[in-house]
Each structure stands twice: as C-alpha cells, then as structure tokens.
Amino acid sequence: MELGELWAIFGPGVAGAVFGAGWWFWVDAVVCSSVNVPFLHYLPGIFATIAALMFNCVRREDIDYSPYDDGEWRLKLWLFFAYVVSFVSLAASVGLLIQDSIVKSGPSVWTGTAGVLQCVFVLISGLIYWTSHPE
C-alpha cells in the first residue's frame with residue numbers, strides 16, 4: 001500500500017479523533033469551571049466547526065489552480081470565506097483567553113486556553129479530513 005492509500009483509509013479516523021479531542025478540551029473546561037461560562041465563550045468553537053464544515057464541502061479536484069483561467073470563482077470565494085471564518089474564530093478565542101487572564105471575576109485562564117485548543121484542534125481536524133479525501 002502506498003502512503004496516499006493509507007492516508008485515505010486512516011485520515012478520516014484521525015480527523016475524527018482530533019475533532020473529538022478539541023471538543024473534549026472545551027467540555028472539560030466548562031464542566032470544571034467554578035463560574036458560569038457565558039455563551040460568548042462558546043462562539044469561537046462553534047464558528048470553527050462551521051468553518052471546517054464549509055471548507056470540507058469543496059472537493060480538491062474541483063479547484064482550478066490555473067492563473068490564466070477564471071476557473072470556479074464561486075468555489076474560490078467560498079473557500080476564502082471559510083478560511084476567514086476559521087481565522088476569525090481563532091482570533092476570537094485568543095482574545096477571550098487574554099480577557100480571561102486579565103479579568104479575575106470571569107472564567108479561569110484554563111477556560112480561555114481550552115477555547116484556543118478547541119479552535120486549533122477543530123480546524124486541524126477539518127484540514128486533515130480535507131486532505132484525506134481521495135482525488
């Protein structure tokens with residue numbers, strides 16, 4: 001078996017495990033938090049999950065990399081929007097981590113750290129799944 005065949009077989013399972021680990025970090029932080037975690041803290045992980053679903057709606061072979069052809073501009077625009085949503089969700093989770101470390105009356109720093117880990121793991125799992133699709 002070649003590496004590409006193995007990646008096509010085991011890639012989706014690895015992506016699922018990484019996705020589950022990302023959400024496990026978040027659930028652990030919410031359950032172990034001594035204060036009520038506001039819904040605003042949930043949003044970066046939710047939007048990272050939506051972004052991962054968005055860029056997994058596109059097949060790799062549908063993307064035209066020719067610089068001289070218009071190609072599928074809607075497809076490229078969809079991917080661009082998905083990546084913007086993913087990076088904004090990551091930036092929001094980092095911002096909430098900074099807020100949690102400054103404000104003493106809010107959730108703990110672990111909640112902010114878990115939010116960042118959740119976004120990173122969810123987005124990495126989406127990319128793992130996207131690359132493991134057979135062409």
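The values are calculated or read from the model by the stated rules, or taken from the named source; none is laboratory data. All of these numbers come straight from a predicted model, not from anything done at the bench. Because the Cβ atoms are built from the backbone with ideal geometry, glycine has one as well, and the counts that use them run over all protein chains shown. When the accessible area is computed, the model is the full protein with side chains, heavy atoms only, and any ligands, DNA or RNA have been set aside. Shrake-Rupley method; radii C 1.70, N 1.55, O 1.52, S 1.80 Å.
Given labels modelled 7 Å from the Cα in the Cβ direction, how far is it in nm from L53 to W23?
According to this spin-label approximation, the distance is 1.1 nm.
Taking only DSSP H segments of four or more residues, each worth -39500 (n - 2.57), what value at 222 nm results for the chain once the sum is divided by all its residues, to the nearest 500 deg cm²/dmol? Walk me through the numbers before you get to the answer.
Values: 4 runs with 97 residues, N = 135.
Rounded to the nearest 500, the figure is -25500 deg cm²/dmol.
What relative contact order, as a whole-number percentage, does the chain give when Cα pairs under 8 Å and 6 or more residues apart are counted?
This gives 46 percent for the chain.
Tell me the carbon and sulfur percent of the accessible area for the chain, rounded to whole percent, probe radius 1.4 Å.
72
Provide the gained length on full extension for the span V30 to R60, in nm with one decimal, where the gain is 0.36 nm per separating residue minus the Cα-Cα distance. Walk me through the numbers before you get to the answer.
Working: separation 30, 0.36 × 30 = 10.80 nm, distance 3.61 nm.
7.2 nm is the gain from fully extending V30 to R60.
Between L43 and L127, what is the label-point separation in nm under the 7 Å Cα-to-beta-carbon projection?
Reported label-point gap for L127 and L43 is 2.5 nm.
Could you state, as a whole-number percent, how many of the C-alpha pairs of the chain are farther apart than 18 Å?
Working: 5331 of 9045 pairs.
Value for the chain (Cα pairs over 18 Å): 59 percent.
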